[in-house]
Amino acid sequence: MNLRDDARALADDLVRLRRTLHRTPETGLDLPRTQETVLSRLDGLPLEITTGTGLSSVTAVLRGAAPGPVVLLRGDMDALPVAERTGLDFAADNGRMHACGHDLHTAMLTGAATLLCAHRDRLAGDVVFMFQPGEEGFDGARHMLAEGLLDAAGRRPDAAYAVHVMSAGLPGGVFGTRGGPALAASDVLRVTVRGAGGHGSMPHRAKDPVQAGCAMVTALQAWITRTFDVFDPVILTVGTFHAGTQENVIPDTAVFKATVRSFSAAAQARVKDGTVEVCRGIAAAYGVAVDAEFAELYPVTVNDHAEADFAAHVVREALGEERFAPQPRPLHGSEDFSRVLAEVPGAMLTLGAPPAGADPEHSPNNHSPLAEFDDAVLADGATVYAELAARRLAPTA
């Protein structure tokens, strides 16, 4: 089978689908229009399709001509609450945006389904297509796992793969991956400092939560640099700090929140307990009370070494040696596909998709209201999805 040539024949259809999805982005777990579009695209293919009960997911199973392994392919479908400013003629105007490229993922996965269905007689095993909502902060993968995703084919997958496009950082059409940690764990630290308000001219008669909160912020940064190995790093960034109503009034409370990124389960566990203890210690020193909560969001995305090597080999053989660039270190972003990879050996790949002619080192990043992605990668993205499954399910006889 020549999946790349077949994918090129689908290229125009994939571009139209991607742009349709881009014009009508939806966020969260409830994506009714997106789900309807995907179901329409899959209609008529020899797939066993189920939809989620608590979310707008689509799970499609393709049965090969002979028994064999099960391969899962994931494409996420949700957008971000970002007002688009790209100026594209198919830009969204509803205050939401496919600023992370999930419209491309969805189009590529439907393309892969089309390709593999056309060659099902050459497959020894089954393919599970995972169309997932709620990746952007709603833990959609966890919900799909809870609804039985891994049992969709009647047995658990033997391998799982996902592809994520990048609007910056990688040249267009170049894939990357690595074995081991590939993306960071993502957690959040929420802190409320409770003091006693008073007049700004008489701080000695108050208990200033702003001063204590600022001390916590700086102490947390120092604690991290003196606690964690630089080769197993932790990143803590305070993104919000709110307190007070007027410059001469010491408020009763101060509130700040931080995102925390780590690259191993051990570091994630240690930072969870340590950050709370630092805040409590500073609070005691300043004579204020503190409510500090560390909430775990997504675990580290860990690629299986053998599966990452296999994925790299597939890209090189299917597209050419120059189309793969080893990923030297984990990315700082996070992914709920980590939950699938915690259950099934597999790999997550990145795919460079900056605008044609743009310098990938200076293009707007994913999540920017200016982020643009090149439609030219769609056919090769669909090819790689399909090749990963087809080569794992190739008959051995």
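Structure summary
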quantity	calculated
Spacing of the two label points (7 Å from each Cα toward its C-beta) at Phe231 and Ala284, in nm	3.5
Order of exposure, largest accessible area first, which applies to Thr192, Thr110 with probe 1.4 Å	Thr192, Thr110
Qualifying trypsin sites (Lys or Arg not before Pro) for the stretch 130-183 [loop in DSSP, other Cβ within 10 Å: at most 14]	Arg155
Once the Cα gyration tensor of the stretch 153-206 is diagonalised, semi-axes √(5λ) in Å	51, 20, 9
Accessible surface of the stretch 239-397, 1.4 Å probe, proportion on carbon and sulfur as whole %	52
Charge dipole magnitude, Cβ of K and R +1, D and E -1 - the stretch 1-110, Cα centre, debye nearest 20	160
Environment charge at Ser262 (Cβ cut-off 13 Å; Lys +1, Arg +1, Asp -1, Glu -1)	-2
When the convex hull of its Cα atoms is projected in every direction, mean area for the chain (nm²)	21.1
Förster radius 30 Å - calculated FRET efficiency between Glu277 and His332 (Cβ-Cβ, nearest 0.05)	0.75
Filtered chymotrypsin sites (Phe, Trp or Tyr not before Pro), the stretch 214-245: DSSP coil and at most 13 other beta carbons within 10 Å	Phe231
Residue-averaged 222 nm ellipticity for the chain, from DSSP H runs of 4+ at -39500 (n - 2.57), nearest 500	-10500 deg cm²/dmol
Nearest-0.05 FRET efficiency for His305 and Val249, computed from C-beta distance (R0 56 Å)	0.45
Candidate residues Met97, Met202: accessible-area rank, largest first, probe 1.4 Å	Met202, Met97
FRET efficiency, Ser201 to Asn365 (Cβ-Cβ, R0 56 Å, nearest 0.05)	0.80
Candidates per GluC sites (Glu not before Pro) in the stretch 322-390, loop by DSSP, up to 11 other Cβ within 10 Å	Glu361
Student exercise, the stretch 254-315 dipole from Lys, Arg, Asp, Glu Cβ charges, in Debye to nearest 20	300
The stretch 38-65 versus the stretch 376-397: alpha-carbon centroid distance in Å	19
Net charge of neighbours whose Cβ lies under 13 Å from the Cβ of Gly357, counting Lys and Arg as +1 and Asp and Glu as -1	-3
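The values are calculated or read from the model by the stated rules, or taken from the named source; none is laboratory data. Since we're looking at a predicted model, the values are computed, not measured. FYI the Cβ positions are ideal-geometry reconstructions off the backbone, even for glycines, and counts take in every protein chain you see. Heavy atoms of the whole protein, side chains included, go into the accessibility calculation; ligands, DNA and RNA do not. Shrake-Rupley method; radii C 1.70, N 1.55, O 1.52, S 1.80 Å.
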